[in-house]
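Scroll down for the structure; my scribbles are underneath it.
Since every read-out is calculated from the coordinates, none of them should be taken as a lab result. Remember, it's a predicted structure, so these values are computed and weren't measured experimentally. Cβ placement follows ideal geometry from the backbone for every residue including glycine, while neighbour counts extend to all protein chains displayed.
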Amino acid sequence: MTEPRPWWQTGVIYQVYPRSFQDSDGDGVGDLEGVRQRLDYLVWLGVDALWLSPFYPSPQADFGYDVADYCDVDPLFGDLDAFDRLVADAHDRGLRVIVDWVPNHSSDRHPWFVESRRSRDSSKREWYVWRDPAPDGSPPNNWLSAFGGPAWTLDEATGQYYLHSFLKEQPDLNWRSPRLKEAMLDTLRFWMARGVDGFRIDVAHHVLKDPGLRDNPPNPAPSGGHKPTSPYDAQLHVHDKDHPDAHALYREVRAVVDGFDSRERVTLGEIHLPDALDRWAAYYGGETLDEIHMPLNFGLLNVEWTVEGLRRHVAAVEAAVPDGAWPNYVLGNHDERRLATRLGPKRARLAALLLLTLRGTPTLYYGDELGIPDVAVPADRVRDPMGVRSGVPGLGRDSGRTPMAWDTSLSAGFSTEPPKGLWLPLHRHWGRENVASQSKDENSMLSLYRALLGLRRERPALRTGAYRPLTGSSDKVFSFERRLGSDRVVVSMNLGDEPAIVSSQAPPVLSTLPGPVSRDQLRPWEGRILEPAGRTLSA
């Protein structure tokens, strides 16, 4: 008999962007009470945990990723009592709650930074990264902000520069300060004491930098001959992120999370290293698996949608994940264009099948289960500071953060505020692409997601079974087997515009497309789960 697995290895995580999930007080912005009111939907859908994007007090320079208080709730979203009610009601329904933790930087309005910049002799000066100018008065090195421009801003009052890997309103915390480290670990303890079941760690690989602040070297053109697309990409970021010292820090974080009490919790790390799976996988902690429980895997966001592209990526992930660790896959989040827009409607249905049948923990982004597309946000309604500052239409991230559509009532049931008063506009076809409408249509995207999630719960092979790639009679069909003991299923996906012959007589358990199913032929862009009685495809 196999040993029971942790909940985060058998479950499915659903990301909630609080601003856009449900508005409970009629101000056009979603809030924690709104999330609480929609918990029954998550149970009905069949997910196991909700991850809440930041709800902390914040000036909203980067929509909550500029934290002004790590241990409170912004009044925009409610208060600590509202948070406690949400957690309690989620737990009553068997749902886990994961919160964002932002350890790389705070807001420049956080009391810690306000005190730090007061003078060079401030008791919290070392809590942030301050350095003297270069001899010519320029920044201390050539590091750049991921949001454009230098990663250093001069504080005229004290005559030193402070480091910010992102906006100048987001000064980097100095994790080499023992007092800062203990204060930040205390923020984890604060939320664990309130019952949270885990933490999604924002830009986890940025937290520690080269202590010598050496310049980053130039990035040579990749082997394909393509030039870097921005000044930031023109550098190799070997000194300003993914520093080896981060691994010791995450062993400390893991010890705090695992040792707090008897509750089983998870840490998820946002680690964008798509071209370096070995370095990404190192954040599991090697053979000891004592760092981040699951470094988030973003490879599917940009994978080539061919049989070879998918097979190669999954094989690379399977090879990179250390023995005893657990893989995971992500196909959408608050920083990306919507899944339905990136892949188109044909691939989006196959993507749902792929995400929910591969070996590993899936993370779903709210609204993707409805096929919500990107929204062309008018210039006068752009809210993302990145988009506002750029002045370039569509450059910001608003298009993938628009309100959830629940029904056909005013403002799609998201708010009692009329559509023009919502913080962002609804998607164009919310009258049909909403929960109420799609829940009644057995052929809808929502019904497909719910059926897939139901199968995951029913079939041990889909939850924790081994993965084995299979080859078939068509180079357009990506197939693999999931097996756990006697439970076995085969997943086959036709990635072409023509029907594909398959050498299986197994009855389909599920198809991604409505209509009659032929046992020996996959329709264009059709995916199936099969329950083979005997030999089907070969490895």
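Send over the semi-axes of the chain's equivalent ellipsoid, whole angstrom and largest first, taken as the square roots of 5 times the C-alpha gyration tensor eigenvalues. Write down the numbers at each step before the final one.
Working: eigenvalues 308, 146, 110 Å².
Working through the eigenvalues yields semi-axes of 39, 27, 23 Å.
For helix 307-320, what angle does its Cα long axis make with the longest principal axis of the chain, in degrees from 0 to 90 and rounded to 10?
For helix 307-320, the angle is close to 60 degrees.
Assuming R0 = 35 Å, can you tell me the calculated FRET efficiency for the pair ASP79 and GLU498, based on Cβ-Cβ distance, to the nearest 0.05?
Efficiency computed from Cβ-Cβ geometry: 0.05.
Between LYS346 and TRP305, what is the spin-label point distance in nm, taking each point 7 Å from the Cα along the Cα→C-beta axis?
0.9
Per residue of the stretch 68-84, in order, report the coupling 6.51 cos²θ - 1.76 cosθ + 1.60 (Karplus, θ = phi - 60°) as ³J(HN,Hα) in whole Hz, putting x for Gly and Pro.
These are the phi-based 3J(HN,Hα) values: 9, 7, 6, 10, 7, 10, 5, x, 4, 9, x, 8, 5, 4, 5, 5, 4 Hz.
May I ask you to evaluate 6.51 cos²θ - 1.76 cosθ + 1.60, the Karplus curve with θ = phi - 60°, for each residue of the stretch 265-281 and list the ³J(HN,Hα) values in order in whole Hz, giving x for glycine and proline?
10, 10, 10, 10, x, 6, 9, 8, 9, x, 9, 9, 4, 5, 6, 4, 5
With n ≥ 4 as the cut-off for DSSP H runs, can you work out [θ] at 222 nm for the chain, using -39500 (n - 2.57) per run divided by the number of residues, rounded to the nearest 500?
-7000 deg cm²/dmol
Take ARG131 and GLU458, extend 7 Å from each Cα along the Cα→Cβ direction, and tell me the distance between the two endpoints in nm.
It works out to 5.9 nm between the two label points.
Once you charge only the Cβ atoms, +1 for Lys and Arg and -1 for Asp and Glu, what is the size of the charge dipole of the stretch 431-516 about its Cα centre, to the nearest 20 debye?
Charge dipole, the stretch 431-516, about its Cα centre: 460 debye, nearest 20.
Quick one: Karplus J couplings for the stretch 109-117, per residue in order, coefficients 6.51, -1.76, 1.60, θ = phi - 60°, nearest Hz, x for Gly and Pro?
9, 4, x, 4, 6, 4, 5, 4, 8
Could you list which residues have their amide H under 5 Å from that of THR361, counting only those 5 or more apart in sequence or on another chain, with H placed in the peptide plane?
Residues meeting the amide H criterion: ASN328, TYR329.
Would you be so kind as to identify which of TYR366, LEU144, ALA500 lies farthest towards the positive end of the dipole of the chain, taking Lys and Arg as +1 and Asp and Glu as -1 on Cβ and the Cα centre as origin?
Among TYR366, LEU144, ALA500, the one farthest towards the positive end of the dipole of the chain is ALA500.
Could you tell me how many degrees, from 0 to 90 and to the nearest 10, lie between the Cα long axis of helix 445-458 and the main elongation axis, the longest principal axis, of the Cα atoms of the chain?
Around 80 degrees separate the two axes.
Taking every pair of alpha-carbon atoms in the stretch 462-530, what share in percent sits in each 5 Å bin, from 0 to the bin with the longest distance?
4, 18, 30, 25, 14, 8, 1, 0
Structure shown: which of LYS440/LYS476; LYS346/LYS420; LYS168/LYS420; LYS181/LYS241 lie over 26 Å apart, alpha-carbon to alpha-carbon?
As for pairs spanning more than 26 Å Cα to Cα, those are LYS440/LYS476; LYS346/LYS420; LYS168/LYS420.
Pull out the extension gain between LYS420 and ARG109, defined as 0.36 nm times the separation in residues minus the alpha carbon to alpha carbon distance; nm, one decimal.
Residue separation times 0.36 nm, minus the Cα-Cα distance, leaves 108.9 nm.
Around VAL12, with a cut-off of 13 angstrom between Cβ atoms, what is the net charge of the other residues, counting Lys and Arg +1 and Asp and Glu -1? Could you put the intermediate results ahead of the total?
Details: positive: ARG96, ARG450, ARG456, ARG457, ARG463; negative: ASP48, ASP368, GLU369.
Summing Lys and Arg as +1 and Asp and Glu as -1 gives +2.
Compute for the stretch 190-294: radius of gyration divided by Kirkwood radius, i.e. Rg/Rh, restricted to C-alpha atoms, rounded to two decimals.
Here the Rg-to-Rh quotient is 1.06.
Simple spin-label model, 7 Å along Cα-to-Cβ: ASP121 to ARG383 in nm?
So the label points at ASP121 and ARG383 sit 4.6 nm apart.
What are the residues whose amide H is under 5 Å from the amide H of ASP172, where those residues sit 5 or more places off or on another chain and H is modelled from the backbone?
VAL129, LEU163, HIS164, SER165
Under 5 Å between amide hydrogens, which residues at least 5 positions from ASP100 or on another chain qualify, with H placed 1.01 Å from N in the peptide plane?
Those qualifying (amide H under 5 Å, at least 5 residues apart or on another chain) are LEU52, ARG200.
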